[in-house]
Amino acid sequence: MRLGTIALILLTITTALPADDNLAQDGVENAAGDVADDVAENPAKAEDKVRGISRLFFFISFVLTAVIIVLIIIEKVKQASARERLRLLEAAASELGLSVQPEGDSTLQEELSPFPLFNIGRSREMRNLIVADTPEVSLLIFDYKYIPLSDKEGRDRWQTVVAVRSPELQIPTFHLYPEGFFSKIGSGLGGQDIDFDDHPEFSNAFVLKSEAEDETRDFFNQPLLDFFAQHPDITFEARPGTILYFRSRKRIDRIEPTATALRKFMDEGLQTFHAVRDRVTE
């Protein structure tokens, strides 16, 4: 009975396999045929084969169970870490007289969708939004997550971002990020990188891209080039009315959830805003 049952199970698996999975289907069909033949010809040999198949099924079940348990543990740890970060951010924001929106703002995320950062990878999410408006600007700080398409392991990439919105930001659209090994290769192969011969420090530190190259080149005067050259680790994205400021050299680059770190990051975003606004109003 056991042998016949095994053969029946194997045949059932065969019918459930996709039609184009020929290799797997042939393997199961052969196993089912072998078991059926052995039942008729050599019960002892068939019994040994059944035990081997049973051990294989047990091993596969064990591995799958272990993988599922590990994935559950990883997800629980991530959830616990997220809750702890939110708790600390809420305490830090409260110390500064601010509050946190844990789920972010889907409308804001949609408004920011034209920026390059919001078009990278998949599973994009905004979290832990803090709004700190001032009389001159709307200042927004949030954690932003995406999974790079090139990351086969599906690991999250996190950034803490400052977005500054102001009607004074009548600026060209451009994207500025630290120049690395691969970006140097890209530039050498003809990829866009707006360089300034009279400011090699800036040009060696950053890749500057824009669809309006002439307008962007005119916009970057000497004081603005000097400012960015003094902050070589930042990534800066600009569109009329809004700028984004963040650091992006690490897989996880979120600020510490403390009032000191939060205030410092806000100040950095405002300093960048002032440098760009001064260029607009000069």
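Please treat every number below as a calculation from the coordinates, not as lab data. Values in this document were obtained by computation on a predicted structure and should not be read as measured data. Here the Cβ is made from the backbone with ideal geometry for all residues, glycine too, and neighbour counts use every protein chain on show.
Considering only the other residues whose Cβ falls under 13 Å of the Cβ of Ile69, what net charge follows from Lys and Arg at +1 and Asp and Glu at -1? Walk me through the numbers on the way to the answer.
Working: positive: Lys76; negative: Glu75.
Summing Lys and Arg as +1 and Asp and Glu as -1 gives 0.
Please compare each pair in Lys145/Lys209; Lys76/Lys152; Lys76/Lys264; Lys152/Lys209 to a cut-off of 25 Å on the Cα-Cα distance and tell me which ones are over it.
Lys76/Lys264; Lys152/Lys209
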Task: Loop sites in segment 94-124: GluC sites (Glu not before Pro), DSSP, at most 16 other Cβ within 10 Å - done: Glu103
- [ ] Output the relative contact order of segment 97-281, whole-number percent, from Cα pairs under 8 angstrom with separation of 6+ residues.
- [x] 22
Open item on the list: Using a 10 Å cut-off around each Cβ, can you sort Thr281, Thr160 from fewest to most neighbouring Cβ atoms?
Closed with: Thr281, Thr160
